[in-house]
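First the structure, in the form of structure tokens, and then the observations on it.
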Amino acid sequence: MSLKPKSRGRAGAQAERGGGGEEAPSTSRGPGGAASQGGRRAEAPSAPGPRSQKQLELKVAELVQFLLIKDQRKIPIRRTDILRHVVGDYKDVLPDLLRRAAERLEYVFGYRLVELEPRSNTYILVNTLEPVEEDAEMRGDQGTPTTGLLMIVLGLIFMKGNSIKETEVWDFLRRLGVHPTKKHLIFGDPKKLITEDFVRQRYLEYRRIPHTDPVDYELQWGPRTNLETSKMKVLKFVAKVHNQDPKDWPAQYCEALAEEEARARPQTGVAAPTPAPSS
């Protein structure tokens, strides 16, 4: 769900506590300011170049999805996991990423990102709303802990034109710490969950793509998904994660709107009950 058009910021911010930046390594110097080792001046590591607003927004969207998934089991989220699975070489802007993610979680999803104890480097999400049914579905916290993952996969499929290669799904999920070959604390065997359990439950269709070497598979929405949710609801979920408006994806919005209008039209072909003859 990292197909993202122009960035749209939201006003209002509540700074996330305890997100201090990385300290620059100190250089030990002798008298007169000379470097202490062999008279050579220690070279400071080169600072990463400036990131564009779009790059930062995409990284924030990844962080929000990662936090929502991690919160499914209500186990505190460790800062080290955030660094390892999401932040990568964005460590220098981690405080800003956490602040933006905290804003989006609170003002869009109704969660507050809270550090458990000062300088503990562990976080939890606190639900600040009593969710109505649709909001809960879009946050991915309705039903079982796997609902959030399913919503992300459904969003990937829809944003990719209603069909996506399995390899592309895993390329995205790896950035959230979900790997096809590693057991996950929340989801157990993620590959089995997505390609077998969701398929057996008819949320997804899983088909081999012909004439591919190496063999690849594609994922599509299953019939149960079409009955239990809609393209518009999934698009709204994607838009909330990216801090966007659904209309920012014109093709997907028109497709979702057409589906909404089709569902609102009365069904044809159903015979009306014949009135009883008057006596």
Long-range amide H partners of Trp221 with built H, under 5 Å:
Glu205
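DSSP loop trypsin sites (Lys or Arg not before Pro) in segment 180-275 with at most 13 other Cβ atoms within 10 Å of their Cβ, which ones?
Lys182, Lys183
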At a Förster distance of 25 Å, what's the computed FRET efficiency of Ser120 paired with His184, Cβ-Cβ distance as r, to 0.05?
0.60
Lys and Arg at +1, Asp and Glu at -1: add these up for the other residues within a Cβ distance under 11 Å of Gly188 and post the number.
+2
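Checking the table Lys70/Lys231; Lys182/Lys233; Lys160/Lys182; Lys91/Lys236; Lys54/Lys91; Lys91/Lys165 against a 23 Å threshold on Cα-Cα, which pairs fail?
Values: Lys70/Lys231 25 Å; Lys182/Lys233 30 Å; Lys160/Lys182 26 Å; Lys91/Lys236 30 Å; Lys54/Lys91 17 Å; Lys91/Lys165 31 Å.
From the list (Lys70/Lys231; Lys182/Lys233; Lys160/Lys182; Lys91/Lys236; Lys54/Lys91; Lys91/Lys165), the Cα-Cα distance tops 23 Å for Lys70/Lys231; Lys182/Lys233; Lys160/Lys182; Lys91/Lys236; Lys91/Lys165.
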Explain nothing, just compute: Karplus ³J(HN,Hα) = 6.51 cos²θ - 1.76 cosθ + 1.60, θ = phi - 60°, for every residue of segment 233-242 in order, whole Hz, x for Gly and Pro.
5, 5, 5, 5, 4, 4, 5, 5, 4, 8
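What is the magnitude of the charge dipole of segment 152-251 about its Cα centre, with +1 placed on the Cβ of each Lys and Arg, -1 on the Cβ of each Asp and Glu, and no other charges, expressed in debye to the nearest 20?
Working: 18 positive and 13 negative charges, 59 e Å.
In debye, rounded to 20, segment 152-251 gives about 280.
Can you check what the net charge comes to around Glu259, using other residues whose Cβ is under 15 Å from the Cβ of Glu259 (Lys, Arg +1; Asp, Glu -1)? Please list the in-between numbers first.
Numbers: positive: Lys231, Lys233, Lys236, Arg263, Arg265; negative: Glu228, Glu255, Glu260, Glu261.
The answer is +1.
Throughout, read-outs are computed from the coordinates displayed, never taken from laboratory work. Remember, it's a predicted structure, so these values are computed and weren't measured experimentally. Cβ coordinates were reconstructed from backbone atoms using ideal geometry, including for glycine residues, and neighbour counts include every protein chain displayed.
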